[in-house]
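Nothing in this text is a laboratory measurement; each read-out follows from the coordinates by a stated rule. Everything numeric here is computed off the predicted structure, so don't read it as measured data. Virtual Cβ from ideal backbone geometry, glycine too; neighbours counted across all protein chains shown.
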């Protein structure tokens, strides 16, 4: 705490840990605001190359959390991103369990919109999962999510950093073709969106291997209990084991989702109100103070930090 990096970024407190670095809340002395800063922990060439790839990504979209700047200082490097205060989808499901289908439709629409912007840059994310989808602290207002953590993303046709037979991604959220070592492509990201949708609707991590096997042997199953049929048809198309049977694009999936959402019943007066809390809490004593009303937030991959859930409790994050 208190270390000033490259004469500009004052590291205030750690807010998470990613695959190759720690994520800090940092004060940007030049812009006089708080940012999330990912600091590389290792100096080996392989990790540095991944770092260079991630910091080079520049996608300006309201539902994408991409790097905004970077700096180097002696044997350390960092890049910065906007702060996002509401934790991840994993935190939200941890607080509420299964989420109402209309609320899930809103989240999925934003996730697909962000993914469409990523794919428009010929970038495959390769690690879409609940812990990498962050939320603004919007309270009971309309949720706003940000797709984060591009540490293993790659452009189409870009040389791999690993051996071709090495599977890269998070177990449980991999498309069948990823597990077979196929070249990264957009349908694999869409399969992961389907798994995220099922996670939000059922409140538990899906058994992707069992799903793949069932689809392959019996075709599309009937809608699980509590999932409206129109929404299930969209999710099931995302989950098809054959990538050619999925939606062709994130935009196509988004259009189908919008049509399904129109068929869902309106939320009733007795339905639970979902509130997205600030998951980080106050700044440490003696920290620089930003503009009044500025909120802190969590950086990508922030799965190892104890956070309050807004109900007077703390628990480990991540999924």
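On alpha-carbon atoms, Rg over Rh for region 89-261 using Kirkwood Rh?
Using Cα coordinates only, the ratio equals 0.94.
Give the residues of region 201-216 whose amide nitrogen is closer than 15 Å to a point set 7 Å from the Cα of residue 245 in the direction of its Cβ.
209-216
Could you give the length gained on full extension between residue 29 and residue 156, defined as 0.36 nm per residue of separation minus the Cα-Cα distance, in nm?
Full extension from residue 29 to residue 156 adds 42.0 nm.
In what order do 24, 232 fall by count of nearby beta-carbon atoms within 10 Å, going from fewest to most?
Fewest-to-most ranking of 24, 232: 232, 24.
Suppose the chain between residue 270 and residue 223 were pulled fully straight at 0.36 nm per residue; how much longer would it get relative to their current alpha carbon spacing?
Roughly 14.5 nm would be gained on extension.
Give me the extension gain from residue 56 to residue 72: residue separation times 0.36 nm, minus the current Cα-Cα distance, reported in nm with one decimal.
4.4 nm
Just want the ordering: 285, 17, 33, 25, from fewest to most Cβ atoms lying within 10 Å of their own Cβ.
Sorted ascending by nearby Cβ count, the order is 285, 33, 17, 25.
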